Amino acid sequence: MPRVKRGTKRRAKRKKILDRASGYFLTKSKLHRAAKEAVDRALKFAYSGRKQKKRQYRSLWIVRIGAAAKLSGLSYSQFVHGLKLANVELDRKILADLAVNDAAAFKSLAEQAKSAIAGAA
């Protein structure tokens with residue numbers, strides 16, 4: 001059986017790691033073993049960061065909706081409950097955008113929510 005040395009494949013794989021690690025501090029951008037550890041760590045954080053980004057945006061939207069609902073005399077939970085009772089199916093992203101950019105539309109939604117809560121009681 002012939003001997004396999006993997007010259008070009010090995011070099012290509014190492015070059016890919018070092019290219020990803022360019023800009024890292026000291027040996028992490030120059031030595032393969034340190035670069036591989038740094039790149040693996042960075043990829044792990046990048047993966048979890050993409051998940052956290054979604055959580056953080058949802059949290060931001062909830063804060064914005066809650067603040068705008070307070071101006072209309074409702075808490076966040078009352079506002080969302082009222083919208084559910086009124087069969088208004090807008091997601092939090094859209095509601096937060098309305099709260100920031102279109103106060104009049106948000107106020108009318110808050111009035112709908114209030115009337116739905118009063119009608120259910």
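Here, each number is a calculation from the coordinates, and none is a lab measurement. Values in this document were obtained by computation on a predicted structure and should not be read as measured data. Reconstructed Cβ throughout: ideal geometry from the backbone, glycine too, with neighbour counts over all protein chains shown.
So, K30, is that one exposed (fewer than 11 other Cβ atoms within 10 Å of the Cβ) and of a type outside the set (G, A, S) or not? It is false that K30 is exposed (fewer than 11 other Cβ atoms within 10 Å of the Cβ) and of a type outside the set (G, A, S).
Residue by residue through segment 100-121, note down the ones that are buried (at least 17 other Cβ atoms within 10 Å of the Cβ) and either among the β-branched types (V, I, T) or under 19 Å from the mean Cα position of the chain (by Cα) (or both). Scanning segment 100-121 gives a single hit, I117.
Residues checked against (1) surrounded by fewer than 13 Cβ atoms within 10 Å (Cβ to Cβ); (2) within 30 Å of R20 (Cα to Cα):
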site	(1), (2)
K54	yes, yes
S59	yes, no
L71	yes, no
R92	no, no
